[in-house]
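The values are calculated or read from the model by the stated rules, or taken from the named source; none is laboratory data. Worth saying up front: this structure is predicted, and the values here are computed from it rather than measured. With ideal geometry, Cβ positions are generated from the backbone for all residues, glycine too; neighbour counts draw on all protein chains shown. Remember, those area values only see protein heavy atoms, side chains included, never the ligands or the DNA or RNA. Shrake-Rupley method; radii C 1.70, N 1.55, O 1.52, S 1.80 Å.
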Amino acid sequence: MKPGAPATFGAHLKYLRETAGFTQEELATIAGLSVHAVSALERGHRKRPHVETVRALSAALDLTGSIRDSFVASARASAVATAADELSGASLPLALTVLHGRDTDLQTLRQWLAGPELRLITILGPGGVGKTRLALELARRIADEDSTRVVFVPLAYIRDPGLAASAIAEALGLADLSGSDLPRRVHEACGGQATLLVVDNFEQLLDAAPLLADLLTSISVLRLLVTSRAPLHLRGEREYVLGPLTLAQGAEAMPPADLARVPAVRLFVERVRDVQPDFCLTAANGRTITAICRRLDALPLALELAAPWMKVLTPEDLLGRLGRDPLLATAGPRDLPERQQTMNATVAWSYQLLDAPMQRALRRLGALSGRFSIDAAAAVLFDGETSTRSEAIDVLAVLIDKSLLLRAETAVATRPLFRMLETVRAFAARELAAADETDAAMEGLACYCVREAALAFSGLVGPSQADWLHRVHEDFENYRCALMWLIARDRAAEASDVAWGLLFFWLIRGQAAEGRHWYEEILKLKNLAPAVESRALTGAAYMCFSQGELARARAALTRVFALPRAVHGADAVVWAEAEDVSARVELGRGNLEAARDWFVRAVASFDALALPWGVGHSLIGMSGAFIDTDRPDRAEELLDEAMATLHDGAPWFLARALLVRGILAVRRGAADEAIVLARQSLTHIRDLHDKYAFVHATVPLAAAAALKGDCAWAARIMGARDVVAERTGVSVVIKPAQALSEEVAREVREHLGTERWERAYAAGRQASIDALINDIEHVLSNDVAT
């Protein structure tokens, strides 16, 4: 980037876009965003760009090296995020359109939330009325005031009330917890800070409403803004019924200039211009356009679905079709509210205008939940086949053109994603069931998930680990659907293939509680084959170990070793993992000799299978068994061997090696070496969003700072570490690191005294990961200078 180039993210983005010669429209198309989104970012109206948005823009602009780093850094600077915020993944979604006609709604809801008495507000209304869009706008305005932490919890694609706790925990960045533990952990995560939880699409999870009540009872600083088609019926709930956009009586007679300011008409015209840029509202067509809006009850989604047909129909044709189409009288159950019938009928009308192949395609895509890739679409469209990828692209393009499908943000620029609005998806799913095609579509989804999970297992232990973590996360709702469907049909082998493929995702992203749930659900099935049972048991054991339940982990492993042993293929990998987990369990129990023996077996097993990642991971684990012995040199030797084996391996494994090396360097008094190692580790952690690794990596860094005599810096590091630990529930569980942490904290507090300690520690709690890395660079550069 040239000297003097703008530093704010919005200005930075505009500078790079213009340098590349793109218009906002061109950049939006390449990045898979809306023009409004790009415009809002450039103007600074969107102050906290989502990490996936930044990645998509970076890829679209083809940024590399220092220019890319500077661009990403400007996004982080705009967000002013603490380390805990960076690792929580709790950003608000980027709005795709301008919000029209909701000023009064926003003002009322803002006043309600500003008062001390209201802590639960539910925005009610039919599908398509704009509940989510209104909630997001309100949340964004509150977040921009910087006095309240705002967290968005999307529930549209979750059907099991038992997963509501997991969704809330994930949005807050909490690691591994059960529903019963959620109130306590959320209380710790809030840390006394005013927090607004925006819980979106709660209507299908009403049985989980008591969970929200428990949160409000336990956490005084917490407020809930919920969107739902039905009230929660909880004490203290204030209902806000959201109506359609304003469309006053007599609007038909308004001159075009005045009519263009009517919210419903303005929205419709904007969406028409998306497909017909030269469209103008005139005296000749104004009355017809107003009648169209009125015919659609001024429901935002209905207007957005109808507008694209203006590309092929005149306003008069569109109004005529809406007026005489029998679907408007028959679509949807008759006992639905009138506006809900209108919304269903509008989707049905758009569906009816498609030809038969496109109708089938829309139905089939209704089997997908959340975001989905081209390959996932191909699988449900063409019965599990992915060789028809080009045909799937053609189908998606048609449905996007009809506004029945949307491009979605993606963290992997080379893998475009798509999504349906929930109202459209629900309609498609109903049509799928009516056509008796649900099982066929789900069969395709299951094939995709089995195939993708096998790729994920390899990807999650390789150099592209960060991309694969994002890729699995983006597919996660579809994995859940496939697992539920397979387990309900006693198809344990395929379910275990999917669950096993996600093993390292659950470990790295701190979602062992959910991983354990799926493994245990598989183990409940009857007549399990040994290979299936060993996968599920080993997976469950690893999850239990990561949750600190060593006895349960050991019991599961004992069952694994009682099963027939496989000597080749995927089953042999499971056996090697079982040996590795056994070693870690024994190490956690303090049985060092037993741990070393198991690690030796695991290394031999992985080596026989020619799996360097497994060998390196076990060697790193074994090095931990020598930290607190009279053989620290042996730990160094094992780490050297591990690093040589892993080479350019997965960052998650490398971060663990760097942790052990950092502790050993501190023990030798080599403070600068420990600091260099921490810098490497923090770089990996930032890319992986690994809360567990962050909490541990800051232990030798703080110890090294204390060794250099900079106790204030050590206190800041501990402040940054503790806020992440409190927010996420992660604690230092590796015994050598735990002992070192307690020792350093005691020495630093004693050296600084209460006042200086509290001041430095509080500053650290506000620090970002980039700030920690900048401190390291500053210290190291000063050392070189002297």
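Take every DSSP beta bridge whose two residues both sit in the chain; close to 20 percent of them are antiparallel. Residues whose amide H lies under 5 Å from that of Leu417, counting only those 5 or more places away or on a different chain, are Ala408; hydrogens are built 1.01 Å from N in the peptide plane. For the residues His684, His100, a 1.4 Å probe over the protein chains yields an accessible-area ranking, largest first, of His684, His100.
For Val150, the amide hydrogen comes within under 5 Å of the amide hydrogens of Leu196, counting only partners 5 or more places away or on other chains and with H modelled in the peptide plane. Rolling a 1.4 Å probe over the protein heavy atoms gives the chain an accessible area of 40 Å² per residue.
Within the accessible surface of the chain, defined with a 1.4 Å probe on protein heavy atoms only, the carbon and sulfur portion equals 52 percent.
Packing-based ranking of 473-483, 297-307, 449-459 yields 297-307, 473-483, 449-459, ordered from highest to lowest mean Cβ neighbour count within 10 Å. A Förster distance of 60 Å, applied to the separation of the beta-carbon atoms of Leu353 and Ala763, puts the FRET efficiency at 0.50. When only C-alpha pairs under 8 Å and at least 6 residues apart count, what is the relative contact order of the chain, in percent? Worked out over the chain, it gives 11 percent. One Cα centroid belongs to segment 719-741, the other to segment 223-274; the line between them spans 47 Å. Simple rule: put +1 on each Lys or Arg Cβ and -1 on each Asp or Glu Cβ in the chain, find the dipole, and look at Leu259, Val395, Ala553; the Cα lying farthest toward the positive end is Leu259. In the chain, helical runs assigned H by DSSP with n ≥ 4 each contribute -39500 (n - 2.57); averaged across all residues and rounded to the nearest 500, the mean residue ellipticity at 222 nm is -20000 deg cm²/dmol. Under the classification rounded if a/c is under 1.5, otherwise prolate if a/b is larger than b/c and oblate if not, where does segment 658-724 fall, given a ≥ b ≥ c as square roots of the Cα gyration tensor eigenvalues? It is oblate, given that a/c is not under 1.5 and a/b is not larger than b/c. Put Met484, Met442 in order of accessible area, highest first, and with a 1.4 Å probe you get Met484, Met442. When each of the peptides 507-516, 187-196 is scored by the mean number of other C-beta atoms lying within 10 Å of its residues, the order from highest to lowest reads 507-516, 187-196. Axis angle, to the nearest 10 degrees, between helix 209-218 and the longest C-alpha principal axis of the chain: 60 degrees. Per-residue packing, averaged as other Cβ atoms within 10 Å, sorts the ranges 750-759, 633-642, 588-597 into the order 633-642, 588-597, 750-759, beginning with the highest.
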